[in-house]
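S.K.: The following block contains the structure, expressed as structure tokens.
All of the numbers you see were taken from the coordinates with simple rules; none came from a lab. Owing to the predicted nature of the structure, the values given are computational and were not obtained by experimental measurement. Backbone-built Cβ (ideal geometry, glycine too); neighbour counts: all protein chains shown.
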Amino acid sequence: MVFLRAKGYRILRHRYKCKQGEVDIICEKRHAVVFIEVKYRSTLDQALFAVDKQKYNRIQKVALHFIKTNPQYHNCNLRVDIVAIGRFFSISHQKNVIL
């Protein structure tokens, strides 16, 4: 989370869970609510590919639930990001992921 704060993100929730599923981090930056899935694997590529279509769809459902239950964010843009962490703490932040 320090990584995201250093990039100007404001953390709204950590490990957000609801009946639709869960997402690792929800944050806000420049009038956008960002739903971030964090994956750690041996390589960055393995971490990035660990988020499949099924997981992505669950994140979208969680995002809709979050927005529905937090009306202050109704007018914000929404996006899904992946933070991939590889061995030796190499980090890749993929913004606005669409699967």
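S.K.: Just for the chain, what percent of DSSP beta bridges are antiparallel, to the closest 5? Let's see the in-between values first.
M.R.: Numbers: 16 of 25 bridges.
Antiparallel bridges make up about 65 percent of those DSSP assigns within the chain.
S.K.: Pairs to check: LYS19/LYS68; LYS53/LYS95; LYS39/LYS68. Give those whose C-alpha atoms are more than 24 Å from each other in this structure. Provide the component values of the computation, followed by the final result.
M.R.: On the way: LYS19/LYS68 13 Å; LYS53/LYS95 16 Å; LYS39/LYS68 26 Å.
Too far apart for the 24 Å limit: LYS39/LYS68.
S.K.: So what's the back-of-envelope 222 nm ellipticity for the chain, counting only DSSP H runs of four-plus at -39500 (n - 2.57) apiece and dividing by all residues, rounded to 500? Walk me through the intermediate numbers first.
M.R.: Numbers: 3 runs with 28 residues, N = 99.
The per-residue figure over the chain is -8000 deg cm²/dmol.
S.K.: Specify the inter-centroid distance of the range 68-99 and the range 25-41, based on alpha-carbon positions, in whole Å.
M.R.: Computed from Cα coordinates, the inter-centre distance equals 3 Å.
S.K.: For the chain, what's the radius of gyration and Dmax over Cα atoms, in angstrom?
M.R.: Every Cα atom of the chain included, Rg and Dmax give 13.0, 40 Å.
S.K.: Considering the zone a paramagnetic label at ILE85 would reach in this model (a point 7 Å from Cα along the Cα-to-Cβ line), which residues of the range 32-68 have amide N under 17 Å from it?
M.R.: 36-51
S.K.: Sticking with this one: Within straight cross-link reach of LYS55, meaning Cα distance under 15 Å, which aspartates and glutamates are found once same-chain residues fewer than 8 apart are removed?
M.R.: GLU22, ASP24, GLU37, ASP81
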